[in-house]
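The values are calculated or read from the model by the stated rules, or taken from the named source; none is laboratory data. Note that the structure is a prediction, hence the values are computed from the model and not measured. Neighbour counts run over all protein chains shown; Cβ positions are idealised from the backbone, glycine included. When the accessible area is computed, the model is the full protein with side chains, heavy atoms only, and any ligands, DNA or RNA have been set aside. Shrake-Rupley method; radii C 1.70, N 1.55, O 1.52, S 1.80 Å.
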Amino acid sequence: MGMAVVTLKKGEGRLLKSGGMWIFDNEIDTVMGNFENGDIVLVHDFDGYPMGRGFINTNSKITVRLMTRDENVDINEELLEKRVRDAWEYRKKVVDTGCCRLIFAEADFLPGIVVDKFSDVLVVQSLALGIDRFKETIVELLRKVLAEDGITIRGVYERSDVKVRKQEGMEMVKGFIGPEFPTLVQIEENGVKYEVDVKDGQKTGFFLDQKYNRLAIQKLCKNAKVLDCFTHTGSFALNAGIAGAASVTGVDASQLAVDQATANATLNGLSDNVKFICEDVFELLPELEEKGEKFDVVILDPPAFTKSRNSIKNAVKGYREINLRAMKLVKDGGFLATCSCSHFMDYELFTKTIGQAAKSVHKRLRQVEYRTQAPDHPILWAADESYYLKFYIFQVCNDR
């Protein structure tokens, strides 16, 4: 039986033609032939010109996710192994592979799947129906490729417990792929040790994308008084502590996160000068200002305030509020590290929002550096969703 053919409307497919991998439902003219959702289909332009092969799911607004631009290439184990090998070889060149993101979905030409490596454990998150059919094959290929470099994977855990799967017509899934194993995993990053809870931690258990941004703040923190907001399991706070900060206060609204952060401080012998409190950052910052508190370094690593274009206005208000509050708490000549992990809050808008916050509290910002996500989360040009993390370090000066 032949493969179904998806034909684009005339003038559509601009994202695809500029290097992207998604085809939206409103770009499709016809689908000819029999298929089930999750099947591989051929993609043609309006005039019959071949655009490649991908998997289809009519439940999703992203109806086709392209796997290859060559219509003659089969989507089989041979192709998957090439993609897995390419991803691993890339990471060996650009990142510390002790813990890293091995597969970053579209940016590794494996749309809809993410795989993180925490020491000798893999955590898988499958977000699209078509790739879900291949996830166990991809896991076995990763085991094989890593073993060739002497790396034995002792366990794999799936964290596909995310709502976006419902948009694909899929159930949320969480559990072991293969034999069970202890799900608290110890890793080391930038000289800091962490206990990562791959079963119940946020997303895949730990945010690897900030790896080198955490390292970048170390040089600012020696002998400093540091405030780390939205600390999660304490990663920025612990990097400040290990760099020799005089005192560090980490803040998070989750008691579970605070407990994990406190345990991580003990693990690193930093309990004396790195402390964590369970508070709402939006409520705490004005209280600290009222008390006259000042810090040498303030770090803002909030969750995404917007996950859709519809809520950008409210997100801007949130980012402006926490940044202006934080600037008021930084000593004259001290430093602010601030970021956004929402790709809808793009570079221009985030930059503009920080500038407005500084103007409203009469602070002058001297940019130390601008950074994005670690290179194991590569940014694929034309795949805007792969560029999501914006990270600034500023020196904050009084308006003179």
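Values for this structure:
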read-out: Cut-off under 5 Å, modelled amide H: who pairs with residue 101 long-range; value: 117
read-out: P(r) weight above 25 Å for the range 1-139, C-alpha pairs, percent; value: 29 percent
read-out: Relative packing of 134-141, 288-295, which averages over residues the other C-beta atoms within 10 Å, highest first; value: 134-141, 288-295
read-out: Per-selection Rg to Rh, the chain - Cα, Kirkwood hydrodynamic radius; value: 1.01
read-out: Pairs from 82/193; 61/211; 275/328; 9/92; 331/390 whose Cα-Cα separation, in the structure shown, is over 31 Å; value: 82/193; 61/211; 9/92
read-out: Compactness relative to 2.2 N^0.38 Å, alpha carbon Rg of the range 71-116; value: 1.20
read-out: Helix-only mean residue ellipticity at 222 nm for the chain, each DSSP H run of n ≥ 4 adding -39500 (n - 2.57), per residue, nearest 500; value: -8500 deg cm²/dmol
read-out: Packing-based ranking, highest mean first, of 320-328, 79-87 given that Cβ atoms within 10 Å are counted; value: 320-328, 79-87
read-out: Rotationally averaged projected area of the range 230-327 (alpha carbon convex hull; nm²); value: 6.6 nm²
read-out: For residue 256, net neighbour charge (Lys/Arg +1, Asp/Glu -1) across residues whose Cβ lies under 11 Å away; value: -4
read-out: Computed label-point distance, nm, for sites residue 197 and residue 151 using a 7 Å Cα→Cβ extension; value: 2.6 nm
read-out: Solvent-accessible surface ranking, highest first, for 143, 101, 159 at 1.4 angstrom; value: 143, 101, 159
read-out: Share, in percent, of DSSP beta bridges within the chain that are antiparallel, nearest 5; value: 65 percent
read-out: Extension gain, residue 359 back to residue 277 (0.36 nm per residue minus Cα-Cα distance, nm); value: 26.5 nm
read-out: For the range 292-349, accessible area per residue (1.4 Å probe, heavy atoms of protein chains only), Å²; value: 43 Å²
read-out: Cα-Cα P(r), the range 67-191, percent of pairs per 10 Å interval; value: 12, 44, 35, 8, 1
read-out: Two-site FRET efficiency, residue 384 against residue 74, from Cβ-Cβ distance with R₀ of 25 Å, rounded to 0.05; value: 0.30
read-out: Distance between the range 162-185 and the range 38-112 - C-alpha centres, whole angstrom; value: 21 Å
read-out: Span per principal axis, largest first, for the Cα atoms of the range 278-384 (Å); value: 47, 29, 29
read-out: Rg/Rh for the range 1-66, where both radii come from Cα atoms and Rh is the Kirkwood radius; value: 0.91
read-out: Residue 119-residue 162 FRET efficiency (beta carbon distance; Förster radius 22 Å; 0.05 resolution); value: 0.40
read-out: Cα Rg over Rh - the range 42-110, Kirkwood; value: 1.07
read-out: Debye log10 I(q)/I(0) for the range 128-169, one point scatterer per Cα, at q = 0.19, 0.31, 0.34 Å⁻¹; value: -0.67, -1.09, -1.17
read-out: P(r), alpha carbons of the range 82-141 - 10 Å bins starting at zero, rounded %; value: 23, 60, 17, 0
read-out: Sites matching chymotrypsin sites (Phe, Trp or Tyr not before Pro) across the range 307-400 that sit in DSSP coil, with at most 13 neighbouring C-beta atoms within 10 Å; value: 381
read-out: 5 angstrom amide H check on residue 68, placed H, neighbours 5+ away; value: 53
